[in-house]
Amino acid sequence: MPMEIRSEALEVENMVQFVVIQYTQITHRIAFKSLPFPLEDALTHRVKGSQYTRLAMYIGARVMQALMDCTDWQTYLVWINDFHQQIANIPPDPLTGIEELANRLDALHTTALFTFMLLSSSIGYSLYRRCMPIFLQLASKFPELWTKDSAISILHALHARRFEITQFVFVDTITALIFGIAPLLHYDTSFHDVNQPRDRSFEFLEWIYSCPPMIVFLLAKINSSRTLGLNGQADSNRLAHLEIEEHLQKWQPTTEKDEDSSNGVVRLAVLECWRQAVLIYMYMGMCGADSVDSRVQTAVRQMAQLASTVGSGSHFEGHLLIPCFIAGAAARKEKHRTVFYSKIQASCSLKLAPLLLGRAADFICVLNHLWHGAASEGRPITWGDYVNSRFVALPLDINI
């Protein structure tokens, strides 16, 4: 581990102050909603609470400063790799406590996300996979997460007492979707009621990522159905798509009562884009529909209209990355593709927006391969055609 980031070589208070300043600035730049608590206080508490978290966030703060100042950030790749390996190589110990495991997982997750942003989605995913052993160690401390067949209850995980658990299953769900692969974990995706934490901490997915837990749950349910199909098995719940449609119809996204009306409209448009994205993925990924299906094209058309209401240059464009990518895979008309391409391309110029969910340049490569290949001239495609383009344009090397 480089001497420059060893905590004993730095004054902790100066380190904390630097991290809090950088993360406060970037959070205000990219957050989807205003946070219902003092951000600086929360960051200070988090940074001071663990050496792992402090070092991971310090590396992140240095990277963010370099990106914003347009200075060399490649030096920090060595820091990220060394620090990630140091934590990942700690031998498991059943006596390790919840706080320690959660801090290690958070540090691994933080460094993996920066790798997504700085290098490629492929390399970032290879680092993210290495978070799984520590996640399982942490999850073992919470019996309510597990079902009788040793699956993780996705609903319980999305409302877990530790945000690190929720964060991991969120990224696992999104990466399985965009890469067209099975999730790292076996999830139980049955519908049931879950007692929600009183502190509303589970809502951070929407505050930061614009993606409410209910949307993540439905995406995970579709992933599960697709995984069964990839393994030659049939989904035992043939009415699952009807349940998903029902939940989407009942879902009423909301905005803060005292916020600026124009921002409220844009936020609602982004949330509606997530709704349409789930429908597209469900029809194509779960029901086997192709892109010609009228239900798919209706959702694509509505998504294009909604995305167009998000002004150019707005930080909200970064939150359209995943929904527009899903819709872009199904889009047949050039005017719709142009809208989705422009919103994804906008994420490239929002230097830190890709930190949220992925690397925009990688998404563009996949869509270009699809649009000039199987989907050229608006030809109908299946979700499998999209996955094939992803394999070619964005191969994964999970052995990195």
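Mind checking which pairs have a first residue in the stretch 151-176 that is closer than 19 Å to residue 326 by Cα and a second that is crowded, with 22+ Cβ neighbours inside 10 Å and of a type in the set (S, T, N, Q), Cβ under 6 Å, 6 or more apart or different chains?
The qualifying pairs are 176/223.
Working only within the stretch 291-313, note down all residues that are in a loop (DSSP other than H, G, I, E, B), surrounded by 14 or more Cβ atoms within 10 Å (Cβ to Cβ) and not β-branched (Val, Ile, Thr).
Selection gives 291, 293.
Looking at the stretch 285-340 only, could you name the residues that are aromatic (Phe, Trp, Tyr) and without any contact (Cβ under 8 Å) to a residue 40 or more places away in the chain?
340 - this is the single residue of the stretch 285-340 that is aromatic (Phe, Trp, Tyr) and without any contact (Cβ under 8 Å) to a residue 40 or more places away in the chain.
Residues being surrounded by fewer than 17 Cβ atoms within 10 Å (Cβ to Cβ) and either modelled with pLDDT under 90 or among the basic types (Lys, Arg) (or both): count how many of those fall in the stretch 352-376.
Result for the stretch 352-376: 1.
From the list 173, 147, 111, 189, which residue is under 27 Å from residue 328 (Cα atoms), modelled with pLDDT under 95 and among the β-branched types (Val, Ile, Thr)?
Of 173, 147, 111, 189, the one residue that is under 27 Å from residue 328 (Cα atoms), modelled with pLDDT under 95 and among the β-branched types (Val, Ile, Thr) is 189.
So which pairs qualify, if the first residue must be in the stretch 239-257 and of a type outside the set (Asp, Glu), the second must be modelled with pLDDT under 90, the Cβ gap must be under 7 Å, and the two must be at least 6 apart or on different chains?
Sorted first by the residue in the stretch 239-257, then by its partner, the pairs are 255/264.
Residues in the stretch 36-45: is at least one of a type in the set (S, T, N, Q) and over 22 Å from residue 315 (Cα atoms)?
Scanning the stretch 36-45 turns up at least one residue that is of a type in the set (S, T, N, Q) and over 22 Å from residue 315 (Cα atoms).
Can you list the helices (runs of 4 or more DSSP H) lying wholly within the stretch 96-139 that have 3 or more residues being over 15 Å from the mean Cα position of the chain (by Cα) and surrounded by fewer than 21 Cβ atoms within 10 Å (Cβ to Cβ)?
Ranges flagged: 98-118, 132-139.
Give me the residue from the stretch 8-39 that is loosely packed, with under 13 Cβ neighbours inside 10 Å and in a helix (DSSP H, G or I) and, out of that set, modelled with the lowest pLDDT.
9
Contact list please: Cβ distance under 8 Å, first residue in the stretch 27-56 and farther than 21 Å from residue 105 by Cα, second residue in a helix (DSSP H, G or I) and among the acidic types (Asp, Glu), pairs at least six apart or on different chains.
Close Cβ pairs satisfying both conditions: 32/206; 33/206.
For the stretch 123-143, does any single residue satisfy the condition of being among the aliphatic types (A, V, I, L, M), more than 21 Å from residue 94 (Cβ to Cβ) and touching a residue at least 24 places away in the same chain (Cβ under 8 Å)?
yes
Of all the residues that make up the stretch 19-34, how many are touching a helix residue (DSSP H, G or I) at 6+ places or on another chain (Cβ under 6 Å) and farther than 21 Å from residue 67 by Cβ?
1
Would you be able to say whether some residue in the stretch 73-81 is modelled with pLDDT of 90 or more, assigned to a helix (DSSP H, G or I) and within 26 Å of residue 162 (Cα to Cα)?
Yes - at least one qualifying residue is present in the stretch 73-81.
Out of 75, 27, I need the residue that is touching a Leu at 6+ places or on another chain (Cβ under 7 Å) and closer than 24 Å to residue 128 by Cα. Which one?
27
Give the stretch 140-165 a look and list any residue that's part of a loop (DSSP other than H, G, I, E, B) and among the polar types (S, T, N, Q), or say none.
Result: 140, 147, 150.
Let me spell it out: the conditions are (1) over 25 Å from residue 278 (Cβ atoms); (2) without any contact (Cβ under 8 Å) to a residue 40 or more places away in the chain; (3) not hydrophobic (A, V, I, L, M, F, W, C), and residue 104 meets all of them except one. Which number is the exception?
Status for residue 104: all satisfied but (2).
The values are calculated or read from the model by the stated rules, or taken from the named source; none is laboratory data. Source: prediction; values computed, not measured. Here the Cβ is made from the backbone with ideal geometry for all residues, glycine too, and neighbour counts use every protein chain on show.
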